[in-house]
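Engineer: Quick one: this structure, given as C-alpha cells, is what I'll be asking you about.
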Amino acid sequence: MTKPARTRRADPALDIFRRHIGARVTFIGFAAERGAVEHGVVVDVDHRMVYVDYGYPNPVCTELGNAIATHPSNLRLETTAAAVDHCAHCGSAVRPGPVFLAPR
C-alpha cells in the first residue's frame, strides 16, 4: 500500500532542477544505448516532473509549446555550476534593475 500523495516527501532530485531552471540538460533515457540522447533547457519543474525545451513542439500536449515533461532520473545537468543570471541563494531568475543594485 502506498502513502497518499499529500504525505509523501518531495523528490530531492526535483529540488536540484528547480534551482537550475534555464540550465542545459542532457536526456539519457532507457533507450540511450540506441543513441537516444537529447539536449535541452529546463523551463519548469512541478511536484513530479521536469519540463524541458528540446527545441521542437510537444507532440502530445500542444498547449505546453516546446516544453516536454521528463522524469528527473532521465536527466543530467550539463554543468553543475549555477547560471550567472540566477540567484545563488534561492535559484530564482535575477532580473537586473535598481532593486538588485541597492545596498543591502
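The values are calculated or read from the model by the stated rules, or taken from the named source; none is laboratory data. Since this is a predicted model, take the numbers as computed values, not measurements. Glycine gets a Cβ as well: all are built from the backbone with ideal geometry, and neighbour counts include every protein chain shown. Areas reflect the complete protein model, heavy atoms only, side chains present, ligands, DNA and RNA absent. Shrake-Rupley method; radii C 1.70, N 1.55, O 1.52, S 1.80 Å.
Engineer: Any residue in segment 34-56 that is on the phi < 0 side of the Ramachandran plot and touching a residue at least 24 places away in the same chain (Cβ under 8 Å) sitting within a Cβ distance under 7 Å of a residue that is open to solvent by 70 Å² or more (accessible area, probe 1.4 Å) and part of a strand (DSSP E or B)? List the pairs, counting only those 6 or more apart or interchain.
Structural biologist: The qualifying pairs are H39/R24.
Engineer: Can I ask one more? When the residues of segment 28-45 are narrowed to those that are under 19 Å from D11 (Cα atoms) and either among the hydroxyl-bearing types (S, T, Y) or modelled with pLDDT of 90 or more (or both), which ends up least open to solvent (accessible area, probe 1.4 Å)?
Structural biologist: For segment 28-45, the residue satisfying everything is V42.
Engineer: In addition: Kindly list the number of the only condition in (1) in contact (Cβ under 8 Å) with a residue 24 or more places away in the chain; (2) out of contact with any His (no Cβ under 7 Å at 6 or more places or on another chain) that fails for R24.
Structural biologist: (2)
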